[in-house]
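**Student:** I'd like to ask you about the structure that follows.
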Amino acid sequence: MKFRAKIADAACLNHFTRVSCMVAKLARTCTLRIRPHTLNFILADSAAGGGVSMWCELPQENFFSEFQMEGVSEENNEIYVELTAENLSRALKTAQNARALKVKLTNKHFPCLTVSIELVSVSSSSRMVTHDIPVKVIPRKLWKNLQEPAVPDSDIIEANLNGDLNLKIESELVSVTTHFKDLGNPPSASENESEDRSPEQMAEVQVDIRKFLQFLAGQQVNPTRGICNVVSHKMVHFDLLHEDVSLQYFIPAMS
């Protein structure tokens, strides 16, 4: 397996840094999937994450000026490694005002994702800062657990087909509801909807407020469009779309 890539554009580097910061806020550890045309940050460990899962996809051509990889075989041209998201985010934070960034898989007594940052000093001479981030190579037999999550047919953490969305916070002392009106419905929601369902009928799901706040606090990429799918009493699925990044995040209903 081989992987090396380079970011030479300052805007792409800043954008990649924001994405890594967002991932670190949403997941302590995650899987990095490397393919010839895309990178994915994946959180799919239901037992460790309390059922929360994440799928973040980055087209490599939108970020990297150079990108080379060789997977485990010609038939399975992919690489899966597990890493601590905060380690990557912390390394990239040192890349502010950098001239270039290189990232590659190395073996320094243990597998690493090595991040090399070329910084420019006051005298215009450059210096290199290198971070070796330990990773765990995931064997091929476990890849089936790290595929893009299937999104079930959803109802439209309370919403209807008229474009009404209500967010409720309830405690022993207070109940607060925020109402959103005249929102759009994704086309697929109307197509899958039962013909005998009233547009005013509300679908609802109760989720852990801490997981919802973690999702909101982790946003760094300013999406151009956001979709919220509510599967009644089962889960809420957020799909945030940006021209360079897509993020799917799943929060299960509280039992």
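The values are calculated or read from the model by the stated rules, or taken from the named source; none is laboratory data. Just so you know, these numbers come straight off a predicted model, no measurement behind them. All Cβ positions, glycine included, derive from the backbone under ideal geometry; neighbour counts span all protein chains shown. Each accessible area value is taken on the protein alone, full model and side chains, heavy atoms only, with ligands, DNA and RNA left out. Shrake-Rupley method; radii C 1.70, N 1.55, O 1.52, S 1.80 Å.
**Student:** When the residues of segment 219-243 are narrowed to those that are open to solvent by less than 40 Å² (accessible area, probe 1.4 Å) and within 12 Å of the chain's Cα centre (by Cα), which ends up farthest from D164 (Cα to Cα)?
**Tutor:** Ranking the qualifying residues of segment 219-243, first place goes to V221.
**Student:** Restricted to segment 201-218, and to residues that are over 15 Å from S53 (Cα atoms) and open to solvent by less than 50 Å² (accessible area, probe 1.4 Å), which residue is nearest to the chain's Cα centre (by Cα)?
**Tutor:** That would be V205.
**Student:** Let me ask something else about it. Can you find a residue in segment 40-59 that is modelled with pLDDT of 95 or more and more than 30 Å from Q206 (Cα to Cα)?
**Tutor:** no
**Student:** OK, next. Search segment 131-143 for residues that are closer than 8 Å to L83 by Cβ and pair each with any residue that is open to solvent by 70 Å² or more (accessible area, probe 1.4 Å) and part of a strand (DSSP E or B) when their beta-carbon atoms are under 7 Å apart and the residues are at least 6 apart or on different chains.
**Tutor:** Qualifying pairs under 7 Å: V135/E82; K136/E82.
**Student:** Among (1) touching a Lys or Arg at 6+ places or on another chain (Cβ under 7 Å); (2) assigned to a loop (DSSP other than H, G, I, E, B); (3) open to solvent by 30 Å² or more (accessible area, probe 1.4 Å), there is one condition F64 misses while meeting the rest; what is its number?
**Tutor:** For F64, the exception is condition (3).
**Student:** I'm trying to understand the selection: among the residues of segment 70-110, which are of a type outside the set (A, V, I, L, M), over 19 Å from I42 (Cα atoms) and open to solvent by less than 50 Å² (accessible area, probe 1.4 Å)?
**Tutor:** Passing the criteria: S73, T106.
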